[in-house]
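> Dumping the structure here so I can ask a few things about it.
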Amino acid sequence: MSDRSYSSLRWRVTARRHPSAFLLGAQLLSMVVYPLFDDLHGGRVVFGAFGVLVLALVVWVVNRSPANTWIAWLLAIPAFGLSLLSVLLDSEMLLVASSALEALLYFYAAGSLIGYMLSDHRVTSDELYAAGATFTLLAWGFAYCFLVCQAWYPGSFTGAVEPERPRQWLELLFLSFTNLSAVGLGDVIPLGSTARVLVMLEQFAGVGYIAVVVSRLIGLTILRQPH
């Protein structure tokens, strides 16, 4: 077997064993890349491309978890199309519609990964990657909910910089991460009732995820260690 064939085979085996690691890596990479293109005219297109990649990886991971794949595709395919059309046509309405579908897809994938992690009493390395990927999926899902909320109820969020303007996507994602992780940084603030309810739901989800899923993985990992 040639070196190229061996490397390709090894890559496929790794991808099958650790699909959650690819999902987690793609989402973290998109966060790093987006600020580099934020001030460019084509920055939104670049981030849209990363969004399509992440959505494809979401479906890929769900396909390897105990979930119905057709539900993921039913959400992913129109989300793909509306996301691309919103970029090409510069349509705010299409962006809101695609954001709503993406939020549903991320929550569905997060639930599928949680089911995957709770399905047995053995902790694998992919389940540890899945723990991180699930956290990012929840953060992305709530960020898209914030985006939809802001479009439906203008003035739902304010911030320390230019408080009167609508919050940008990265600001809402930042709010989602700080809220889900209970860091509590307050430079982006929910003002409307709907926005505050969404923030409270995310706080509840973050506490529940740490208390139920992460603590279980840690406990099983400790029990697996030889004494």
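> Leu217 fails exactly one of the following numbered conditions: (1) surrounded by 12 or more Cβ atoms within 10 Å (Cβ to Cβ); (2) touching a helix residue (DSSP H, G or I) at 6+ places or on another chain (Cβ under 7 Å); (3) within 27 Å of Ala100 (Cβ to Cβ). What is the number of that condition?
Only one criterion in (1) surrounded by 12 or more Cβ atoms within 10 Å (Cβ to Cβ); (2) touching a helix residue (DSSP H, G or I) at 6+ places or on another chain (Cβ under 7 Å); (3) within 27 Å of Ala100 (Cβ to Cβ) is unmet by Leu217, namely (3).
> So, Val123, is that one outside any helix (DSSP H, G or I) and within 28 Å of Val207 (Cα to Cα) or not?
On the way: outside any helix (DSSP H, G or I): yes; within 28 Å of Val207 (Cα to Cα): yes.
The answer is yes for Val123.
> Checking the condition aliphatic (A, V, I, L, M), part of a helix (DSSP H, G or I) and over 17 Å from the mean Cα position of the chain (by Cα), which residue from Leu101, Leu88, Leu75 passes?
One residue alone meets the criteria, Leu88.
> I'd like the full set of residues that are surrounded by fewer than 20 Cβ atoms within 10 Å (Cβ to Cβ) and touching a Lys or Arg at 6+ places or on another chain (Cβ under 9 Å), limited to segment 106-125.
Of everything in segment 106-125, those that are surrounded by fewer than 20 Cβ atoms within 10 Å (Cβ to Cβ) and touching a Lys or Arg at 6+ places or on another chain (Cβ under 9 Å) turn out to be Leu118, Arg122, Val123, Thr124, Ser125.
> Restricting attention to segment 97-105, does a residue exist that is at pLDDT 85 or above, of a type outside the set (Phe, Trp, Tyr), surrounded by fewer than 20 Cβ atoms within 10 Å (Cβ to Cβ) and touching a Ser or Thr at 6+ places or on another chain (Cβ under 7 Å)?
Checked against the condition, which is being at pLDDT 85 or above, of a type outside the set (Phe, Trp, Tyr), surrounded by fewer than 20 Cβ atoms within 10 Å (Cβ to Cβ) and touching a Ser or Thr at 6+ places or on another chain (Cβ under 7 Å), segment 97-105 yields no hits at all.
> Would you say Leu180 is surrounded by 15 or more Cβ atoms within 10 Å (Cβ to Cβ), in contact with a Gly (Cβ under 6 Å, 6 or more places away or on another chain) and not polar (S, T, N, Q)?
For Leu180, the condition - surrounded by 15 or more Cβ atoms within 10 Å (Cβ to Cβ), in contact with a Gly (Cβ under 6 Å, 6 or more places away or on another chain) and not polar (S, T, N, Q) - is met.
The values are calculated or read from the model by the stated rules, or taken from the named source; none is laboratory data. Bear in mind that the values here come from a model prediction, so they are computed numbers and not experimental data. FYI the Cβ positions are ideal-geometry reconstructions off the backbone, even for glycines, and counts take in every protein chain you see.
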